Amino acid sequence: MVDLTGLGPGLIAIGAGLAMFGGAIGTAWAQTGIGSAAMGTIAERPETGGSLLMWLVIPETIVVLGFVIALLLSGKVV
């Protein structure tokens, strides 16, 4: 466990913001390629839409992880 008592609340808040920002940028970057490939595939074979939607949802876990880290860090700000 990392001791965050020596850090000010401002630095912890910046860390929480960076966790959310990094997760959001990573997810957006991943979904650009997945989304364009999925739309091309759906245009040719519409029956694959349900399974391709799953591939678009998987990168969202990165944002959820960033949100959890931000919540854990913001709980340290007292």
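Since every read-out is calculated from the coordinates, none of them should be taken as a lab result. Please read all numbers here as calculations on a predicted model, not as lab measurements. Neighbour counts run over all protein chains shown; Cβ positions are idealised from the backbone, glycine included.
Packing here is the average count of other Cβ atoms within 10 Å per residue, and on that basis the peptides 40-46, 59-65, highest first, run 59-65, 40-46. Approximating the spin labels as points 7 Å out from Cα along Cα→Cβ, the residue 43-to-residue 60 distance works out to 2.5 nm. Compared with the direct C-alpha span, the chain from residue 30 to residue 18 gains 2.5 nm at full extension, assuming 0.36 nm per residue. Seen against the Cα atoms of the chain and their longest principal axis, helix 9-44 is set at about 0 degrees. For segment 23-74, the relative contact order comes to 55 percent (Cα pairs under 8 Å, sequence separation of at least 6). In terms of overall dimensions, segment 23-74 has a Cα radius of gyration and Dmax of 13.7, 46 angstrom.
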